[in-house]
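Asks: My questions all concern the structure below.
The values are calculated or read from the model by the stated rules, or taken from the named source; none is laboratory data. The structure displayed is predicted, hence computed values, not measured ones. Side chains are part of the model used for accessible areas, which takes the heavy atoms of the whole protein and leaves out ligands, DNA and RNA. Shrake-Rupley method; radii C 1.70, N 1.55, O 1.52, S 1.80 Å.
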Amino acid sequence: NTVVPDAAGTAPTSAEIKTAIEAGGSSLAQILVDTGTTLPASLPAALTKGTADSGTTTTMVDAARTEADTDYWKDSLIRFTSGTISGQTRLITGFTPASNTITFFPAVTQAVATNTYEILPAAFGDVLVDWIDGGRLDLLLDALQADLDNGTDGLGALKALIDTLTTTVGTAGVGLTDLGGMSTGMKAEINVEVDGALDTAISELGVAVPTATPTMRTGLMLLYMALRNKLDVQTSATDALEIHNNAGTQITKKLITDDGSDYSEAKMS
């Protein structure tokens, strides 16, 4: 697939690259060939260059670096220009000034040694440079799509979980079993939270007529106060059952009557 450059030979835009890739899976390298644009001409000028002292497949150490700020080069690109990893370009994910170490992703194919390198801006023009897997953006896109299509691990597993939740959550009759249940750790944590709530002390009721629609707390507290605290059966004036708080203050009462045939307790007042 070809992407026609403009009269000035300007590098293809991301939209043109996307169209070409979707049309037939062409690599970025082939697109550059088709447009008559070479990679060196397409890349921006290097921000800096140097020679590594050592490294791994995801790190590069250069004692000659003098930048003092943490993550100074983060989100730039490092492109190796010698050795077996020459031409491999990676995204810089961090920089540690104390050790002059640059970390990058993904890993190069061989550990960094005394390779020369250059650091480039993350983007040029309308094209994001990401020469992962030997410079083939289509391979990266294919890998991501394959991972999404795979419902057993990686992005695919996440997508499958989201699809399941989207379909089942909110459906009548759906319970925890339908959503995969809870782990042992989740159950244990819920038990801890429930125990904590049950062990929290509740306050005594104030002086008032008990509501006809109490919460669990107020309903239990009224029963507890009636059983625990002072209870008077008043017979010297208006006959009543009087419930008190811990301090001995009456909070409510029930008028009682007895006509010799029926004994009755009125609603609390």
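Asks: In straight Cα distance, which lysines are under 27 Å from Lys159, not counting same-chain residues fewer than 8 positions off?
Replies: The reachable lysines, counting only those whose Cα sits under 27 Å from Lys159, are Lys18, Lys187.
Asks: Using a 1.4 Å probe on the protein heavy atoms only, what accessible surface does Leu120 show? Give it in Å² to the nearest 10.
Replies: Probe radius 1.4 Å; accessible area of Leu120 about 0 Å².
Asks: Another question, if that's okay. Sort region 211-263 into rounded, prolate or oblate with this rule: let a ≥ b ≥ c be the square roots of the eigenvalues of the Cα gyration tensor; rounded if a/c is under 1.5, and if a/c is not under 1.5, prolate when a/b is larger than b/c, oblate otherwise.
Replies: oblate
Asks: What ranking of Lys159, Lys253 comes out by heavy-atom accessible area, probe 1.4 Å, highest first?
Replies: Lys159, Lys253
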